[in-house]
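Let me begin by handing over the structure; questions about it come next.
The values are calculated or read from the model by the stated rules, or taken from the named source; none is laboratory data. Everything quoted here is computed from the prediction, not taken from an experiment. Note that we place each Cβ from the backbone using ideal geometry, even for glycine, and neighbour counts take in every protein chain shown. We work out accessible area using only protein heavy atoms, side chains counted, and drop any ligands, DNA or RNA first. Shrake-Rupley method; radii C 1.70, N 1.55, O 1.52, S 1.80 Å.
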Amino acid sequence: MRSAPRPSRDGAAAVPTVRSWPVLGSAVPLARDPLGFVSSLRTRGDVVAIRVGPQRMYVINDRALIRQVLVDQAYSFDKGRQFDKLRPWWGNGLANSTGEFHLRQRRLMQPAFHRQQIASYLPDMCEAAEQYVGSWPSGRAIALDEELYVLTLSMVLRNLFSTSAEDRSLARVQAALSVILKGLLWRCLDTTDRLEKLPLPVNRRFTAALTDMHAVVDDIIARHTADRADLLTMLQQARDPDTGEAMSRQQVHDEVCTILITGSETTRSTLSWICYELSRRPDIQHRVQAEVDDVLAGEPLRAEHVERLPYTRSVITETLRAYPVVWLLTRRALTDVQLGSYRIPEGAVICYAPYALQHDPELYPDPEHFDPDRFRADAAPSPAGCPAGRRPRDAFIAFGAGIHSCIGEPLAWAQTVTILATLARHWTLAPAPRTKVRPAARMLLLPDRLPLVLHPRRAPAPGAT
Ligand code: HEM
């Protein structure tokens, strides 16, 4: 039960502070059980202050106030220290930029993610999904999360940058990205900025992976030809409507890096959670298979099928609700900001947890229960008055909201539906015996591992190996 806020001397309500350990603050519960900790804060107040080491942070729990930060007062915040730290390594691509510059880049890149453009990628996506998913081994446990990574990364490389499936970039990006993502996480967490400068093997591996990643991106750009209307062509040909200026070579490079980092691990993680739930819920898996069988009528998936799979889509929405891969995000106040009855001082670090919001029982009754039917058109409205069957605007923020919302959302949907439908056509998923899958809330929310057994649903086509 939340208590009413007490007023401070300037009339604004005093932000309740969560009591914590000396020196470390709330770092211990946050490290020990990150999802449990952020969810427990929800009941403490609309806004609560915590301390993590020396850093004071304002955690926004109320969905209307989160919307204020992301949408209504978005220009009073930037992305904060986390992103300042990423910029020297990752560049000034869309995810790392702010203000006027961000707006300009966003306008230039938006056409590559329009519905029509995504539709033009679909035939290629269906072909890639059929080729990969159909080749997975059957009857024994495989690390499905790793297979899904190769597939989603190869789709991004093929669709957005027109590299071929056999291209050696795939293996290099895959190897580099896993080292980079781990390294970026603890660089963000290190408030001393010192650990990254020590001559440790882990730092040398990070630098080597980053150097290789930048070299692969240069290679992709150098070998690219402008005869396909893909993202890279659009970036190179885009002109600022006011000045007529093109993007610099460095900016094109930074945007390609950004898309590779933001566009593969996110979709792979969501697909991993879907497969995890399907493997433990045969009832849901059978319904997805039945819908896919009905719509595809024995043929491989084609572009026109993708919009005709409503139950499959509600499984994806429920997965994004229950396991939002971007589970925690930060912002920094650029001026003093009034949020409801609270005054947030200039420079303050704000954070909000899509995970905690999307597990609020007022918005989603029985939130730990995985139930795609909550997104059916005829589902009952939730107690907090969220419209039935639709993703309620402020209560579903798996893709963010406002000026920094996910530009890749339409592509993520196209990829996820394509891969899930192809998977359901070929395989029945079962958990590997004697394994327990746990959530790992790091930079993204991933299953810590995903060994699953695939049982074939149909006999191989004549002549297939
Ligand atoms: C299921 C898959 C995905 C999820 C859940 C997801 C989630 C998100 C979220 C929550 C944000 C907002 C971050 C913030 O507010 O600071 C975001 C931003 C972004 N996403 Fe995604 N994403 C997904 C897939 C993709 C894909 C496929 C791409 C590109 C190919 C992509 C590219 C980006 C970029 C460039 C941004 C920064 C946008 C900006 O600041 O203007 N994402 N994503």
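Within segment 306-350, which residues are charged (D, E, K, R) and away from the ligand (no atom under 15 Å from the Cβ)?
307, 308, 336, 343, 346
What is the number of the single condition among (1) aliphatic (A, V, I, L, M); (2) within 13 Å of the ligand (Cβ to nearest atom); (3) within 25 Å of residue 180 (Cβ to Cβ) that residue 143 does not meet?
(2)
This table checks each residue for (1) more than 16 Å from the ligand (Cβ to nearest atom); (2) open to solvent by less than 30 Å² (accessible area, probe 1.4 Å); (3) assigned to a helix (DSSP H, G or I); (4) touching a Gly at 6+ places or on another chain (Cβ under 6 Å).
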site	(1), (2), (3), (4)
260	no, yes, yes, no
263	no, yes, yes, yes
267	no, yes, yes, no
272	no, yes, yes, no
277	no, yes, yes, no
287	yes, no, yes, no
294	yes, no, yes, no
299	yes, no, no, no
304	yes, no, yes, no
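Here's a follow-up. Here are some residues: 252, 256, 202. Which one is β-branched (Val, Ile, Thr) and more than 16 Å from the ligand (Cβ to nearest atom)?
On the way: 252 fails: more than 16 Å from the ligand (Cβ to nearest atom); 256 fails: more than 16 Å from the ligand (Cβ to nearest atom).
Criteria check complete, one pass: 202.
Same structure again: Do you know which of the residues in segment 189-209 that are open to solvent by 20 Å² or more (accessible area, probe 1.4 Å) and either touching a helix residue (DSSP H, G or I) at 6+ places or on another chain (Cβ under 6 Å) or aromatic (Phe, Trp, Tyr) (or both) is modelled with the lowest pLDDT?
Ranking the qualifying residues of segment 189-209, first place goes to 196.
Going by the structure shown, is residue 173 open to solvent by less than 20 Å² (accessible area, probe 1.4 Å), in contact with a His (Cβ under 9 Å, 6 or more places away or on another chain) and under 20 Å from residue 415 (Cα atoms)?
When the stated conditions are applied, residue 173 does not pass them.
Could I ask something else about it? Return yes when residue 246 is free of Cβ contacts under 8 Å to residues at least 12 places away in the same chain and touching a strand residue (DSSP E or B) at 6+ places or on another chain (Cβ under 8 Å) and no when it is not.
In short, yes.
Can you find even one residue in segment 235-248 that is open to solvent by less than 10 Å² (accessible area, probe 1.4 Å) and assigned to a helix (DSSP H, G or I)?
Looking through segment 235-248, at least one residue is open to solvent by less than 10 Å² (accessible area, probe 1.4 Å) and assigned to a helix (DSSP H, G or I).
Do any helices (runs of 4 or more DSSP H) entirely within segment 1-117 hold 1 or more residues that are surrounded by 15 or more Cβ atoms within 10 Å (Cβ to Cβ), at negative phi and under 20 Å from the mean Cα position of the chain (by Cα), and if so, which?
Ranges flagged: 34-41, 63-67, 81-90, 99-109.
Can you name the residue in segment 122-158 that is part of a loop (DSSP other than H, G, I, E, B) and not small (Gly, Ala, Ser) and is also surrounded by the most Cβ atoms within 10 Å (Cβ to Cβ) among such residues?
Within segment 122-158, the match that is surrounded by the most Cβ atoms within 10 Å (Cβ to Cβ) is 136.
In addition: Looking only at residues that are at pLDDT 90 or above and in contact with a Leu (Cβ under 8 Å, 6 or more places away or on another chain) in segment 364-398, which one is surrounded by the fewest Cβ atoms within 10 Å (Cβ to Cβ)?
395
I need the full set of residues from segment 399-427 which are hydroxyl-bearing (Ser, Thr, Tyr) and open to solvent by 20 Å² or more (accessible area, probe 1.4 Å), in order please.
Of everything in segment 399-427, just one residue is hydroxyl-bearing (Ser, Thr, Tyr) and open to solvent by 20 Å² or more (accessible area, probe 1.4 Å), namely 405.
Just to check your reading of the model, which residue among 333, 322 is under 24 Å from residue 374 (Cβ atoms), among the small types (Gly, Ala, Ser) and either at pLDDT 95 or above or open to solvent by less than 40 Å² (accessible area, probe 1.4 Å) (or both)?
322
Do we find that residue 257 is within 17 Å of residue 452 (Cα to Cα) and not aromatic (Phe, Trp, Tyr) in this structure? Give the steps one after another, and end with the answer.
Working: within 17 Å of residue 452 (Cα to Cα): no; not aromatic (Phe, Trp, Tyr): yes.
When the stated conditions are applied, residue 257 does not pass them.
Would you pick out the residues in segment 428-450 that are more than 16 Å from the ligand (Cβ to nearest atom) and either touching a Lys or Arg at 6+ places or on another chain (Cβ under 6 Å) or open to solvent by 30 Å² or more (accessible area, probe 1.4 Å) (or both)?
428, 431, 433, 434, 435, 436, 438, 448, 449
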